[in-house]
Amino acid sequence: MFKNTRSEVRAVDGLSFEVYRGETLGLVGESGCGKTTVGRTLLRLEEATGGEMMFEGANVTRAGGQQLKDYRRKIQVIFQDPYSSLNPRMTIGEIIAEPMLVYKLVPDRKAARGKVAELLTQVGLFEYMAERYPHELSGGQRQRVGIARALAMQPSFIVCDEPVSALDVSIQAQIINLLEELQQKYRLTFLFIAHDLAVVRHISDRVIVMYLGKVMEIADRDTLYADPQHPYTKALLDAVPIPDPALEAKREYRVLGGEVPSPLNPPRGCVFHTRCPMASEECKMVIPELREVRSKHYAACIKL
């Protein structure tokens, strides 16, 4: 006899944050902590089971019709994989022009072609690449196409879902610099999702650290990297390689023990207590609140 059972996974639980116009908010954590779910929920690709999302003063959590259409034009995404995020049967020009034509941001196809040429130039590509197909471009070039497609909608907010993790290190730097240039030019706001702390440090103004669907720490970039408060943030920063080989060889490694618990059966109390070097019996019972431990520096740990 087979028994039909259904388990509930809270990919993100109790998350609350603000993104200020013109800033880059970094969202970091191990794989499976809920980072991408946050981005997909903001994009309304996933429906939130609770809570509210406010955008430019309006509640868009359950928005529909014209309100949802307007919202989706203003909030765009740059996907992680530049190889699977582009339609292989469409030319680069068609890929970038399609959303502009659907939303009637250009009067006709001729105007769309002109705008495509302008966007390609802005992201560092040649105009003739509009006639090429995705398989004819490199990974870095494809990601630039993804950026151009997002810009085509004239957005104010862009979710960057690990946009450089599939690229070579030298190409990563080029894409990061391009995003910073475009942000200054168009006064864009970014939610930058990543697991590479070095990349996040370079581009972000503030950083949120997540673990198993919960926020562990929030602080501005310089404060977080210079003086992390939560033991999980400290462990993440300890894992970042030091560019100087001499210092790297002398460094004492502090490796977290155990594995990330299953989101199907998260630990009671603090979700990090099973791996935390500071954990006590109280940590197994009390769910720590995210509180301000220093000026504009928030952490969820009862030991602080």
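The values are calculated or read from the model by the stated rules, or taken from the named source; none is laboratory data. The structure presented is a predicted model; accordingly, all values stated were derived computationally and were not measured. All Cβ positions, glycine included, derive from the backbone under ideal geometry; neighbour counts span all protein chains shown.
Values as computed for the structure displayed
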{"item": "Residues of the stretch 123-178 that turn out to be of a type outside the set (Lys, Arg) and outside any helix (DSSP H, G or I), as a count", "result": "24"}
{"item": "Residue tally, condition surrounded by 15 or more Cβ atoms within 10 Å (Cβ to Cβ) and assigned to a strand (DSSP E or B), over the stretch 290-304", "result": "4"}
{"item": "All positions within the stretch 28-51 that are modelled with pLDDT under 90 and farther than 24 Å from residue 166 by Cβ", "result": "47, 48, 49, 50, 51"}
{"item": "Criterion violated by residue 214 - all others in (1) surrounded by fewer than 16 Cβ atoms within 10 Å (Cβ to Cβ); (2) under 26 Å from residue 279 (Cα atoms); (3) charged (D, E, K, R) satisfied", "result": "(1)"}
{"item": "Pairs with Cβ under 8 Å, 6+ apart, first in the stretch 113-139 and over 16 Å from residue 94 (Cβ atoms) and in the same structural domain as residue 94 (by TED's automatic domain parsing), second of a type in the set (D, E, K, R) and buried (at least 16 other Cβ atoms within 10 Å of the Cβ)", "result": "123/144; 124/144"}
{"item": "Test: residue in the stretch 14-37 that is free of Cβ contacts under 8 Å to residues at least 24 places away in the same chain, assigned to a loop (DSSP other than H, G, I, E, B) and over 29 Å from residue 219 (Cβ atoms)", "result": "no"}
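Yes/no matrix, rows are residues, columns are (1) at pLDDT 95 or above; (2) of a type in the set (D, E, K, R); (3) within 24 Å of residue 101 (Cα to Cα); (4) in contact with a Gly (Cβ under 6 Å, 6 or more places away or on another chain):
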site	(1), (2), (3), (4)
134	yes, no, yes, no
139	no, no, no, no
151	yes, no, yes, no
171	no, no, no, yes
178	yes, no, no, no
194	no, no, no, no
199	no, no, no, no
214	no, yes, no, no
